[in-house]
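Contents: one structure, followed by commentary.
The values are calculated or read from the model by the stated rules, or taken from the named source; none is laboratory data. What you see is a predicted model; the values in this text were computed from it and never measured. All Cβ positions, glycine included, derive from the backbone under ideal geometry; neighbour counts span all protein chains shown. These area figures cover heavy atoms from the full protein model, side chains too; ligands, DNA and RNA do not enter into them. Shrake-Rupley method; radii C 1.70, N 1.55, O 1.52, S 1.80 Å.
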Amino acid sequence: MKFANQVAIITGAGRGIGRAIALKLASEGARVAVVSRTEKNSVQVAEEINARFAGLARPYSVDVADHAAVQELCAKITADFTRVDILVNNAGITRDGLSMRMSVEDWDAVLATNLRGAFNFYQGVARGMMKQRSGRIINIASVAGLMGNAGQANYAASKAGLIAFTKVIARELATRGITANAVAPGFITTDMTDVLSQEIKDGVVKQIPVQRFGEPDDIASAVAFLASAEARYITGQCLPVDGGLVM
Ligand code: NDP
């Protein structure tokens, strides 16, 4: 039980990669704040965790882009669980389109959720982690933030920003026993990639050395490692988990 007596917040945990991360950390003994935008999704995942791992999860819902609401929620989660050891900023959206034609609404929506959302939760937990002189912050970026992707100007910029943000907080918090790292998934089978046409999926697979999409559990395993005591000397890094797509 790697995470016994530890408390983890996972955003976007109502489905997909966030759900897999919440289940993985709970399976290793973490008590988990399951956060999503849609209440029924976080309730469902918390119920699933509680059924499988006896009472380790509570559901919460918030729009991660709302700074005031997130500060309030982090205070509530800290009160409910008494501490926060691990923050996984996973909530994210896409609003794809060619950059020339992208609306400012689509630009802002993606930056607000993917980048400001992580900043908001960071501000909600950082003070408590500094006081306890320990913490793990893991931001879920994307290979798009490392290599760019046509049609994803907003998304790639948000994820590149998230990687830079990770390095800044890693530097600022390094002497306080807190590490901050990013994980950059490649193409993972979730609702987010379900919308891609078969033609696009086939084209993508050809570029992945292992010749297939990854599973949410592949990302959860990397997050569990970075959140563990074994990773204490790793900070400010971005770990691609992508079947070799970026190398
Ligand atoms: P999904 O679309 O399957 O799930 C997204 C999750 O984020 C949902 O739980 C959703 O909540 C939550 N969410 C979205 N917007 C908000 C918001 N404003 N406030 C609170 N919660 C929100 O995505 P994935 O699981 O595929 O992706 C998870 C992360 O991994 C994202 O950051 C994504 O960018 C990144 N990623 C994914 C890749 C992939 O191939 N799937 C590749 C690279 C990166 P709700 O359920 O309530 O709607």
Take the Cα gyration tensor of the stretch 61-170, multiply each eigenvalue by 5, square-root it, and list the three semi-axes largest first, rounded to whole angstrom. 28, 15, 9
Neighbourhood charge, 11 Å Cβ-Cβ cut-off, centred on residue 65 and excluding it, Lys, Arg +1 and Asp, Glu -1: -1
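State the percentage of accessible surface on the chain attributable to carbon and sulfur atoms; use a 1.4 Å probe and exclude ligands, DNA and RNA.
Numbers: 6120 of 11760 Å².
The nonpolar share, carbon plus sulfur, comes to 52 percent.
Please state the equivalent ellipsoid semi-axes for the stretch 28-85: what are the square roots of 5 times the Cα gyration tensor eigenvalues, largest first, in whole Å? Write down the numbers at each step before the final one.
Numbers: eigenvalues 80, 42, 10 Å².
The equivalent ellipsoid of the stretch 28-85 has semi-axes of 20, 15, 7 Å.
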Using only Cα atoms, find the angle between the long axis of helix 67-81 and the longest principal axis of the chain, and express it within 0 to 90 degrees, rounded to the nearest 10. 40 degrees
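Only four residue types carry charge here, +1 at the Cβ of Lys and Arg and -1 at the Cβ of Asp and Glu. Report the dipole size of the stretch 1-155 about the Cα centre in Debye, rounded to the nearest 20.
Numbers: 18 positive and 13 negative charges, 115 e Å.
Computed charge dipole of the stretch 1-155: roughly 540 debye.
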How many Lys pairs in the stretch 7-237 lie less than 23 angstrom apart by Cα atoms, where the lysines are 8 or more positions apart or on different chains? 6
What is the log10 of I(q)/I(0) for the stretch 101-142, computed with the Debye formula using one identical point scatterer on each Cα and no solvent, at q = 0.19, 0.24 Å⁻¹? -0.65, -0.83
In deg cm²/dmol, rounded to the nearest 500, the helical mean residue ellipticity at 222 nm of the chain, built from -39500 (n - 2.57) for every DSSP H run of length 4 or more, is -14500 deg cm²/dmol
Charge dipole (the stretch 7-237, unit charges on Cβ, about Cα centre) - positive-most of 225, 14, 82: 82
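Accessible area per residue for the chain in Å², computed with a 1.4 Å probe and the full protein assembly in place, what is it? Show your work: numbers first, answer last.
Details: 11760 Å² over 247 residues.
Normalised by residue count, the accessible surface of the chain is 48 Å².
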Calculate how steeply helix 216-227 sits against the longest principal axis of the alpha-carbon atoms of the chain, using the helix alpha-carbon long axis, and give the answer as 0 to 90 degrees to the nearest 10. 50 degrees
The orientation-averaged projected area of the Cα convex hull of the chain, in nm², is 12.7 nm²
Which of the trypsin sites (Lys or Arg not before Pro) found in the stretch 146-223 are in a DSSP loop and have at most 12 neighbouring Cβ atoms, other than their own, within 10 Å? 212
The local net charge around residue 232, scoring Lys/Arg +1 and Asp/Glu -1 for residues other than residue 232 whose Cβ lies under 14 Å from its Cβ, equals +2
Report the one residue of 123, 156, 23 whose Cα lies farthest in the direction of the positive end of the charge dipole of the stretch 7-237 (charges on C-beta: Lys and Arg +1, Asp and Glu -1; origin at the Cα centre). 123
Kirkwood Rh over alpha-carbon pairs of the stretch 124-247 plugged into Stokes-Einstein at 4 °C, 1.567 mPa s gives a D in µm²/s of 84 µm²/s
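Rounded to two decimals, what ratio of Rg to Rh does the stretch 1-115 give with C-alpha atoms and a Kirkwood Rh? Mind showing how you got there, number by number?
Details: Rg = 15.2 Å, Rh = 14.6 Å.
Dividing the radius of gyration by the Kirkwood radius yields 1.04.
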